[in-house]
Amino acid sequence: MDIKVRVWRQAGPSAAGKMVTYDVKGISPDASFLEMIDVLNETLILGGDDPIAFDHDCREGICGACSMVINGVAHGPEKATTTCQLHMRKFSDGDVIDVEPWRAAAFPVIKDLVVDRSAFDKIIQAGGYITAPTGTAPDAHATPVPKKDADAAFEAATCIGCGACVAACPNGSSMLFTAAKIAHLGLMPQGQPERDSRVIDMLQAQDDAGFGGCTNAGECTTVCPKGIPLSLIGRLNSDYRKAITTR
Amino acid sequence: MTANDFWAEGEPVFDKAAPDGPVETRWERRKFSAKLVNPANRRKLTVIVVGTGLAGGSAAATLAEAGYRVKSYCYQDSPRRAHSIAAQGGINAAKNYRNDGDSVYRLFYDTVKGGDFRARESNVYRLAQVSVNIIDQCVAQGVPFAREYGGLLDNRSFGGTQVSRTFYARGQTGQQLLLGAYQALERQIGLGNVEMNARHEMLELIIVDGKARGIVVRDMVTGEITTEFADAVVLASGGYGNVFFLSTNAKGCNVTASWRAHRKGALFANPCYTQIHPTCIPESGSHQSKLTLMSESLRNDGRVWVPKKAADCPKPAGSIAEEDRDYYLERIYPSFGNLVPRDIASRAAKNVCDEGRGVGPGGLGVYLDFADAIKRLGRKAVEAKYGNLFEMYERITGEDPYETPMRIYPAVHYTMGGLWVDYDLQSTVPGLFVVGEANFSDHGANRLGASALMQGLADGYFVLPNTISNYLAAGPFKKVTESDEAVVEARKQVEDRIEKFLSIDGDRTVDSFHRELGQIMWEYCGMERTEEGLTKAIGLIRALKEEFWTRVKVPGKGEELNQNLEKAGRVADFIELGELMCIDALHRRESCGGHFRAESQTPDGEALRHDDQFSYAAAWEYFGADGKPVLHKEDLNFEYVHPSTRSYK
Ligand SMILES: Cc1cc2nc3c(=O)[nH]c(=O)nc-3n(C[C@H](O)[C@H](O)[C@H](O)COP(=O)(O)OP(=O)(O)OC[C@H]3O[C@@H](n4cnc5c(N)ncnc54)[C@H](O)[C@@H]3O)c2cc1C
Ligand code: SF4
Ligand code: FES
């Protein structure tokens with residue numbers, strides 16, 4: 001396949017960025033989107049140009065590192081798919097494809113397609129855990145968890161922290177990410193003691209980190225590679241209301 | 001050149017920290033004999049932890065919780081993305097929740113045997129003991145393991161074991177376990193007990209007065225080089241499977257942290273022990289950047305076959321008649337069939353492909369067929385069990401596995417070698433501890449499934465926090481400063497290397513060297529090895545090394561985010577490691593586990609161990625880029641599980 005990509009190039013956090021067009025020739029439809037950029041980068045390097053910087057690691061759709069907006073959609077056109085799992089056969093010969101970084105106030109661009117997502121870690125630091133000191137845990141069977149709850153908690157826990165939800169949100173809100181974590185921990189008996197403080201503290205951290213407010217636009221769930229449902233935001237809101245009234 | 005020209009033999013190495021006496025009480029006794037550090041003094045002690053995977057994340061969180069000051073490093077943008085996140089199948093623990101005869105002793109026994117008698121009994125016993133606490137700890141943290149309707153934990157059997165002792169969270173066990181450790185770590189970061197440095201890469205170890213006292217790191221965003229000091233250093237930097245370029249590892253996995261420590265005196269043990277996983281999606285073309293694992297659980301219901309006649313290979317699978325198919329695992333290993341262990345399944349696949357009966361691009365693939373399972377259980381049931389894996393397969397290959405059989409091929413998956421450590425997990429450099437996949441302990445030659453996760457968490461949550469205090473009790477150690485000679489020297493080594501990479505300005509990319517190295521390693525030091533092939537490989541690698549240092553092209557500057565500069569450093573270290581792996585493989589004239597030496601096989605082509613000659617761990621000492629590595633042998637003694645021959649026929 002021969003395609004053209006228009007890629008956001010930005011040398012550093014404070015440099016001006018712009019879209020630059022590159023021809024990629026003879027790419028295999030079996031290549032992943034990231035492998036297509038690898039191939040392009042090899043040519044750029046040999047031609048004396050700076051290769052395109054982008055985040056990636058597992059290339060299996062699980063680490064949450066890869067992050068690019070493709071033709072205006074976070075992670076690209078295929079539903080419930082990370083960029084590393086998107087393959088060139090989803091495009092056509094001769095296509096012109098736009099590639100941009102996540103854009104959100106809380107995710108400053110570091111270089112090209114690489115952004116700083118450490119704000120997510122700040123939200124977790126504020127309460128996205130269960131306080132369980134090492135070495136003192138009771139036998140695992142001492143805390144039965146109904147299968148239905150365990151499965152629901154698992155579904156919420158599949159969030160990979162990629163930030164696509166933030167990139168897609170017109171307000172740059174991280175509500176879906178935060179809601180996923182709150183549901184994961186709040187659906188299990190172990191998570192109950194800190195349930196109220198968790199939601200209050202995490203929402204505060206979210207505001208402090210510069211994420212926008214949630215207006216139920218729903219764009220987040222459309223792009224989420226793990227299919228985290230919008231209903232979890234409703235759950236978060238009701239947890240929050242309960243937490244502030246009982247406080 | 002004769003083989004011995006490649007290495008020299010030195011004094012044996014001993015595990016001085018290991019207690020003797022009954023294996024059941026060794027860990028208890030070691031913990032009791034270890035010195036304690038009083039809580040007020042812990043605040044004065046700093047520990048550097050490199051790596052935030054299961055091993056490093058759990059270690060950093062636990063040490064911080066105990067009151068030590070911790071500085072943590074990882075190359076990803078967040079500790080949550082460490083490669084442990086990708087583990088699929090599950091984690092073993094001797095809980096005996098199934099009442100199927102499991103016990104600490106049986107897990108110990110199976111693991112020593114599964115390691116083909118090349119691991120230490122003391123370590124493995126402790127691993128089995130601690131496994132029980134790991135599950136308790138993870139459940140308390142909220143890890144959403146699979147449950148049964150009654151609310152109790154579910155288990156499955158995994159990787160050739162006969163008891164159901166594997167705990168899992170669908171196909172994402174690693175992710176869920178890592179999130180547990182990551183959340184515990186983030187809590188400590190929030191409390192100010194851990195200083196987290198994401199996007200920071202360790203590039204050198206600092207040894208002062210014979211003790212590990214710090215590291216040199218590069219801030220991967222700004223390129224700034226800094227020196228960081230502590231009372232002890234813990235490496236939890238993962239495995240080195242990426243030496244093969246194509247592997248199931250994450251792209252960033254590397255050996256740099258361990259290799260830099262090796263060059264500074266830490267012994268590197270059993271480097272050639274690589275685990276090859278039989279069920280990966282085959283390579284599709286030259287663009288390929290990595291291979292994807294398909295969970296081994298697929299072999300519970302899928303049947304493996306290739307055409308009997310090479311001429312049938314290009315034909316569509318469906319058009320090949322039943323009597324023209326060779327279900328070779330069922331044929332050769334009737335009692336285990338498709339469920340033979342990983343090394344056997346991998347080599348059998350290679351053999352049929354070498355005979356020219358492989359399917360798919362390049363003839364490097366075998367079928368994993370679910371047609372019978374779909375007939376027997378119905379499509380719905382198969383979908384419920386394996387749906388997400390089928391979807392992943394389709395995404396990558398564009399083929400629908402419900403209609404045509406999947407194609408699989410073995411791929412490099414996990415490395416059992418690593419820095420040599422004693423029972424305390426301390427390397428031969430005092431104050432340098434190594435945990436998780438980065439060390440060599442516990443797995444021997446042929447790791448089973450679901451034990452790497454167990455080892456990572458055992459080391460990080462339970463073992464290291466106890467043993468390191470014995471070392472730290474002698475601290476705080478003399479203050480180290482920027483101007484110490486060893487510090488200046490280590491920093492200069494890093495700066496010089498970076499400058500060298502950037503100044504060569506050759507005509508080949510880093511990736512092209514990495515691919516070439518990978519091909520050499522896979523061809524000659526992969527599933528099957530011969531004396532001749534390994535000797536050839538060493539020559540090829542030496543030539544490649546020379547070419548690398550004259551022809552590599554690394555664009556950009558040091559003082560910026562420069563992903564090619566990062567890669568160049570990693571590939572340079574992989575090239576040196578590759579040579580040592582081949583030397584290690586060459587010296588071990590026996591087949592054991594996944595390491596198959598063609599010269600050492602039984603009449604019917606099975607691996608043949610030589611316990612009388614090779615019942616030791618091979619720990620290598622670095623002797624300069626052009627010097628010969630020196631082999632130190634640690635004899636292995638088996639008091640409880642006596643070496644026996646494996647048979648799966
Ligand atoms: C696809 C796949 C599936 C697997 N499935 C299973 C399974 O089902 N069961 C099982 O038991 N095992 C499984 N394994 C093996 C298991 O996942 C690993 O052995 C284990 O997770 C390794 O953990 P770790 O903490 O030692 O290292 P890792 O998780 O690899 O962490 C390494 C850490 O070190 C950091 N690091 C590395 N180098 C540097 C440096 N120079 N400077 C700074 N930081 C550095 C990284 O950033 C990272 O944080 C699987 C492996 C793969 C590849
Ligand atoms: S909620 Fe979905 S889109 Fe948002 S971080 Fe998690 S996985 Fe990514
Ligand atoms: S690279 Fe890990 S999710 Fe894409």
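The values are calculated or read from the model by the stated rules, or taken from the named source; none is laboratory data. These numbers come from a predicted model, not from an experiment. Neighbour counts run over all protein chains shown; Cβ positions are idealised from the backbone, glycine included. These accessible areas exclude ligands, DNA and RNA; they are computed on the full protein's heavy atoms, side chains included. Shrake-Rupley method; radii C 1.70, N 1.55, O 1.52, S 1.80 Å.
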* Structure fact -> Rounded to the nearest whole number, the per residue volume of the convex hull around the C-alpha atoms of the range B:557-625 in Å³ is 132 Å³
* Structure fact -> Simple spin-label estimate for residue B:36/residue B:381, 7 Å along Cα→Cβ, in nm, reads 5.6 nm
* Structure fact -> Phi-derived 3J(HN,Hα) across the range B:125-135 with the Karplus relation (6.51, -1.76, 1.60, θ = phi - 60°), rounded Hz, x for Gly and Pro, is 4, 4, 4, 5, 4, 6, 3, 5, 5, 4, 5
* Structure fact -> Per residue, the convex hull enclosing the Cα atoms of the protein assembly as shown spans a volume in Å³ of 158 Å³
* Asked: From the phi of every residue in the range B:63-77, what ³J(HN,Hα) in whole Hz does the Karplus formula 6.51 cos²θ - 1.76 cosθ + 1.60 yield, where θ is phi - 60° and glycine or proline is x?
  -> 5, 5, 4, 6, x, 6, 8, 10, 10, 10, 9, 8, 8, 6, 7
* Structure fact -> Mean shadow area (nm²) of the C-alpha convex hull around the range B:403-523 is 13.6 nm²
* To do: Kindly provide the pair-distance distribution of chain A built from C-alpha pairs, with 10 Å bins from 0 and whole-percent values in order of increasing distance.
  => 7, 29, 30, 19, 11, 4, 0
* Structure fact -> Here, the range B:309-395 modelled as identical Cα point scatterers in vacuum has Debye log10 I(q)/I(0) at q = 0.19 Å⁻¹ of -1.09
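To the nearest 20 debye, what is the magnitude of the charge dipole of chain A about its Cα centre, counting +1 on the Cβ of each Lys and Arg and -1 on the Cβ of each Asp and Glu? Display every interim value, and only then the final one.
Working: 23 positive and 30 negative charges, 170 e Å.
Computed about the Cα centre, the dipole is about 820 debye.
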* Under 9 Å, Cβ to Cβ, from residue A:147 - net charge with Lys/Arg +1 and Asp/Glu -1 -> -2
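To the nearest µm²/s, what D does Stokes-Einstein give for chain B at 20 °C and 1.002 mPa s, using the Kirkwood radius over alpha carbon pairs as Rh? If you can, show how the numbers build up before the last one.
Details: Rh = 25.1 Å.
In µm²/s, the coefficient rounds to 85.
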* Asked: Got a sec? Which residues of the range A:2-36 lose 10 Å² or more of accessible surface with every protein chain in place, vs. that chain alone, 1.4 Å probe?
  -> A:28, A:30, A:31, A:35
* Where the centre of each part is set by its Cα atoms, how far does the range B:213-257 sit from the range B:442-521, in angstrom? -> 5 Å
* May I ask you to find the residues of the range A:186-206 that are shielded by at least 10 Å² of accessible area once the whole protein assembly is considered instead of their isolated chain (probe 1.4 Å)? => A:188, A:190
* In deg cm²/dmol and to the nearest 500, what is the mean residue ellipticity at 222 nm of chain A if only DSSP H runs of at least 4 residues count, each as -39500 (n - 2.57), divided by the residue total? -> -10500 deg cm²/dmol
* Under 5 Å, built H, 5+ apart or other chain: amide partners of residue B:275 -> B:413, B:414, B:415, B:416
* For the range B:375-391, Karplus couplings with θ = phi - 60° (6.51, -1.76, 1.60), whole Hz, Gly/Pro x -> 5, 6, 9, x, 4, 4, 5, 5, 4, 5, 6, 10, x, 5, 6, 4, 5
* Hey, can you list the residues from the range A:76-92 whose accessible area shrinks by 50 Å² or more with all protein chains present, relative to the chain by itself (probe 1.4 Å, no ligands or nucleic acids)? -> A:85, A:89
* Chains B and A: how much accessible area gets covered up at their contact, both sides added, probe 1.4 Å, in Å² to the nearest hundred? -> 6100 Å²
* How large are Rg and Dmax for the range B:51-149 when only the alpha carbon atoms are used, in Å? -> 15.9, 44
* Structure fact -> Measure of exposure for residue B:610: accessible area at 1.4 Å probe, Å² rounded to 10, is 50 Å²
* To do: Express the accessible area of chain A per residue in Å², computed with a 1.4 Å probe while the remaining protein chains stay in the model.
  => 37 Å²
* Asked: Ignoring ligands, DNA and RNA, what percent of the 1.4 Å accessible area of the protein assembly as shown is carbon and sulfur?
  -> 51 percent
* According to the Cα gyration tensor, what semi-axes, each the square root of 5 times an eigenvalue, does the equivalent ellipsoid of the range B:287-339 have, listed from largest to smallest in whole Å? -> 21, 19, 9
* To do: Compute the distribution of all C-alpha to C-alpha distances in the range A:1-111, in bins of 10 Å from 0, and list the percent of pairs in each, rounded to whole numbers.
  => 14, 49, 33, 4
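Assuming a viscosity of 0.692 mPa s and a temperature of 37 °C, what translational diffusion coefficient in µm² per second does Stokes-Einstein assign to the range B:131-239, Rh being the Kirkwood radius over Cα pairs? Write down the numbers at each step before the final one.
Working: Rh = 17.3 Å.
Stokes-Einstein gives a translational diffusion coefficient of 190 µm²/s.
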* **Cubic angstrom per residue, convex hull over Cα atoms of the range B:249-347** => 160 Å³
* Here are some pairs, B:251/B:649; B:35/B:492; A:122/B:71; B:16/B:113; which of them have Cα atoms lying more than 28 Å apart in this structure? -> B:251/B:649; B:35/B:492
* Asked: At q = 0.22, 0.24 Å⁻¹, what is the log10 ratio I(q)/I(0) for the range B:134-179, with the Debye formula run over Cα points and no solvent?
  -> -0.79, -0.92
* Structure fact -> Diffusion coefficient in µm²/s returned for the range A:86-154 by Stokes-Einstein, Kirkwood Rh over C-alpha pairs, 4 °C and 1.567 mPa s, is 74 µm²/s
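Within the range A:52-102, list the trypsin sites (Lys or Arg not before Pro) lying in a DSSP loop whose Cβ has at most 13 other Cβ atoms in a 10 Å radius.
A:79
Where only protein heavy atoms count, and the probe is 1.4 Å, what is the accessible area per residue for chain B in Å²?
Working: 21970 Å² over 649 residues.
Per-residue value: 34 Å².
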